[in-house]
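S.K.: Supplied in structure tokens, the structure appears directly below.
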Amino acid sequence: MATSTEPSGNRRFDGAAHAQLIQSAKTAASAEQSWLYLEAAHVVGQLYVKPHLQTHAQMLNLSLRTRDWSEAVGQVMRLALVPLGHLSGRLPLGNPGRSSVSAFDPLPVRPELAELIARARGH
């Protein structure tokens, strides 16, 4: 079962918001801003295999472009874990998906990510 510190009403997948966050990550002015958009996209899409994998693939791409080798290794590991997490139902909701946090711990959604998500949803 997916574990979360976020209310269950916030778990629905919003494909338009996810796509907008991924696109914003691609066009962001800095790598730091790209990471924030990708972390927000991870929170939005992590309950669904395809967007979850897509987000980690984008994270891997960004880590390679910025030559952040430890992040790249972490993203390769997460790409391998995504199918297992979905098969077992053990998804750490609210987790931003970066290698600097445990791939197994649910976390509250950080305020800056919640703000990006709300904007992407048009709220």
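S.K.: Residue by residue through the stretch 23-50, note down the ones that are surrounded by fewer than 19 Cβ atoms within 10 Å (Cβ to Cβ), part of a helix (DSSP H, G or I) and not acidic (Asp, Glu).
M.R.: Within the stretch 23-50, the subset surrounded by fewer than 19 Cβ atoms within 10 Å (Cβ to Cβ) is 23, 26-33, 47-50.
In the following step, the residues that additionally are part of a helix (DSSP H, G or I) were identified as 23, 26-27, 31-33, 49-50.
Listed by number, the residues that qualify are 23, 26, 27, 31, 33, 49, 50.
S.K.: Taking the condition among the small types (Gly, Ala, Ser) and surrounded by 21 or more Cβ atoms within 10 Å (Cβ to Cβ), does residue 17 pass?
M.R.: Values: among the small types (Gly, Ala, Ser): yes; surrounded by 21 or more Cβ atoms within 10 Å (Cβ to Cβ): yes.
When the stated conditions are applied, residue 17 passes them.
S.K.: Only one of these is surrounded by fewer than 19 Cβ atoms within 10 Å (Cβ to Cβ) and outside any loop (DSSP other than H, G, I, E, B): 113, 62, 53, 107. Name it. Give the derivation first.
M.R.: Details: 113 fails: surrounded by fewer than 19 Cβ atoms within 10 Å (Cβ to Cβ); 62 fails: surrounded by fewer than 19 Cβ atoms within 10 Å (Cβ to Cβ); 107 fails: outside any loop (DSSP other than H, G, I, E, B).
Going through 113, 62, 53, 107 in turn, the sole match is 53.
S.K.: Please specify each residue of the stretch 89-104 satisfying the condition of being assigned to a loop (DSSP other than H, G, I, E, B), on the phi < 0 side of the Ramachandran plot, under 13 Å from the mean Cα position of the chain (by Cα) and touching a residue at least 60 places away in the same chain (Cβ under 8 Å).
M.R.: Within the stretch 89-104, 91, 93, 98 qualify.
S.K.: Out of (1) open to solvent by 50 Å² or more (accessible area, probe 1.4 Å); (2) in contact (Cβ under 8 Å) with a residue 60 or more places away in the chain, the odd one out for residue 70 is which?
M.R.: (2)
The values are calculated or read from the model by the stated rules, or taken from the named source; none is laboratory data. Since the structure is predicted, the reported quantities are computational estimates derived from the model, not experimental observations. Neighbour counts run over all protein chains shown; Cβ positions are idealised from the backbone, glycine included. With ligands, DNA and RNA removed, areas are computed over all heavy atoms of the protein, side chains included. Shrake-Rupley method; radii C 1.70, N 1.55, O 1.52, S 1.80 Å.
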